[in-house]
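The values are calculated or read from the model by the stated rules, or taken from the named source; none is laboratory data. Just so it is clear, the structure is predicted and the values come from calculations on it, not from any experiment. We place every Cβ from the backbone using ideal geometry, glycine too, and count neighbours over all the protein chains shown.
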Ligand code: GLC
C-alpha cells in the first residue's frame, strides 16, 4: 500500500492501544469494530518488497515456522505432555516448514546463586534439539521462555538473566548462522517500557561480544503486543536485529476454554468466520506492525499465533490461514504456536497431521 489516508493513520493511533494477551484481565473486545474504509491487502501479495539488507535477507530463512511448544519450556520436559522426538524434526522438514522456534525455560535449569551455572545435562538436551533442526536445514529460533520471576521483579533477576545469556551465547558462538537467538518471550508486568528496553540493550551488548553478527530477535513489552512496539527502543547501530510480535486476536476466540485463562470457558462456542470485518481487523493490526517495521527499518517476525483446540476446527483453520497469509502479504516471517500440544498442527497420539491446520499454514505443500 503506497498511500495511507490520514483517517487510517489516526485510527491506527487510537486503536493500536490494545493488548494481545491478558490472562489475568477482562479480555478485550475484537480490536476493530467499524470503519467505512477498507484496508486492502498490500499489493503485490504475497511477494512484498524485502529490503536488500543482510538482516532482511537472513530473516527470510525463518520463512514459515512452527513452535516446538510445551516441551523444553515446561518446568521439566514432559511435564506438559511433550517430549521432543527425532521424528518430529523430520516431519516438520518434510511438511515444508522452514524453521522451528524452540522455547526454553533456562531459568529452571540453572543455579540460583552466581555464577548461575546452567546444568550441563540441560545444555546437552537443548544442543540435541538445535542440532536435529540445523542438520535438516531448518533455521532455529532459540529463545528464553517462562522466566516467570523476572517479569515480577526485574531488578533482582537482571544479573541472573544476563549471566544466562552470557553462557548461552558463549556456548553457541560457533554454531551455524541458521541459529538465531530470541532474548525473552513476552515480557510483561514489571518488565515493560524502560525496564525492558534497558535490560534488552544490556543483553544485546553482552551477546555481541561473542556473536557479533548472529540475528537477535527482540519483542515489545505487554506480551509482545503490537500496541507496545512504539515503546521499544533498540540500539540504532545494531543492524542484526529482528523484531517479533505475537498475535492471538480475537482473544476470546483463540483462547476459548484455555485452562490457564480464567473465565475462558464462557467463551466456548465463539466462532471465526472470515467475515469482512474479521479480516479487516487482522489487516489493520498487521498494518500498524508493518508501518513500525518500515519506519525503524527492522524485519518483522510473527513468532506466535494460534487458536486453541477447544475452538471449532473450521474456524481455527480459517483464522490460521487468514493470519498466515496476511503476515506473508506484509512480508513478515512467522511461527505457528504450536506443533503437537493444545494448539497442535500435529497429533502425536494418532501420529497424523491435523490437516485443516497444516493446510491452512502450508497451502501449497
Ligand atoms: C505464550 C505462553 C504459552 C502459551 C501461549 C498461548 O507463548 O508462553 O505458554 O501456551 O502463549 O497462550
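Any residue at all in segment 233-253 that is assigned to a loop (DSSP other than H, G, I, E, B), at pLDDT 95 or above, closer than 14 Å to residue 310 by Cα and within 16 Å of the ligand (Cβ to nearest atom)? The answer is no, given that none of the residues of segment 233-253 is assigned to a loop (DSSP other than H, G, I, E, B), at pLDDT 95 or above, closer than 14 Å to residue 310 by Cα and within 16 Å of the ligand (Cβ to nearest atom).
Residue-wise test of (1) within 16 Å of the ligand (Cβ to nearest atom); (2) closer than 21 Å to residue 340 by Cβ.
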| position | (1), (2) |
| --- | --- |
| 59 | no, no |
| 80 | yes, yes |
| 100 | yes, yes |
| 103 | yes, yes |
| 120 | no, no |
| 123 | no, no |
| 132 | no, yes |
| 139 | no, yes |
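Right, residue 310: more than 16 Å from the ligand (Cβ to nearest atom) and surrounded by fewer than 21 Cβ atoms within 10 Å (Cβ to Cβ) or not? For residue 310, the condition - more than 16 Å from the ligand (Cβ to nearest atom) and surrounded by fewer than 21 Cβ atoms within 10 Å (Cβ to Cβ) - is not met. Candidates in segment 211-231 are the residues that are within 20 Å of residue 166 (Cβ to Cβ) and surrounded by fewer than 16 Cβ atoms within 10 Å (Cβ to Cβ); of these, the one that is nearest to the ligand (Cβ to nearest atom) is 213. Report yes if some residue within segment 180-198 is assigned to a helix (DSSP H, G or I), out of contact with any helix residue (DSSP H, G or I) (no Cβ under 9 Å at 6 or more places or on another chain) and surrounded by 22 or more Cβ atoms within 10 Å (Cβ to Cβ); otherwise report no. No. Just to be sure, is residue 45 at pLDDT below 95 and farther than 17 Å from residue 247 by Cα? Judged against the criteria, residue 45 is a match. Scanning segment 328-347 for residues being under 21 Å from residue 278 (Cα atoms), more than 16 Å from the ligand (Cβ to nearest atom), in contact (Cβ under 8 Å) with a residue 60 or more places away in the chain and touching a helix residue (DSSP H, G or I) at 6+ places or on another chain (Cβ under 9 Å) gives a total of 3. So for segment 285-302 (the condition being within 25 Å of residue 203 (Cα to Cα), buried (at least 20 other Cβ atoms within 10 Å of the Cβ) and within 16 Å of the ligand (Cβ to nearest atom)), does at least one residue qualify? Scanning segment 285-302 turns up at least one residue that is within 25 Å of residue 203 (Cα to Cα), buried (at least 20 other Cβ atoms within 10 Å of the Cβ) and within 16 Å of the ligand (Cβ to nearest atom).
Evaluation of residue 21 against the conditions (1) within 20 Å of the chain's Cα centre (by Cα); (2) at pLDDT below 95; (3) more than 16 Å from the ligand (Cβ to nearest atom) shows that the sole unmet condition is (3).
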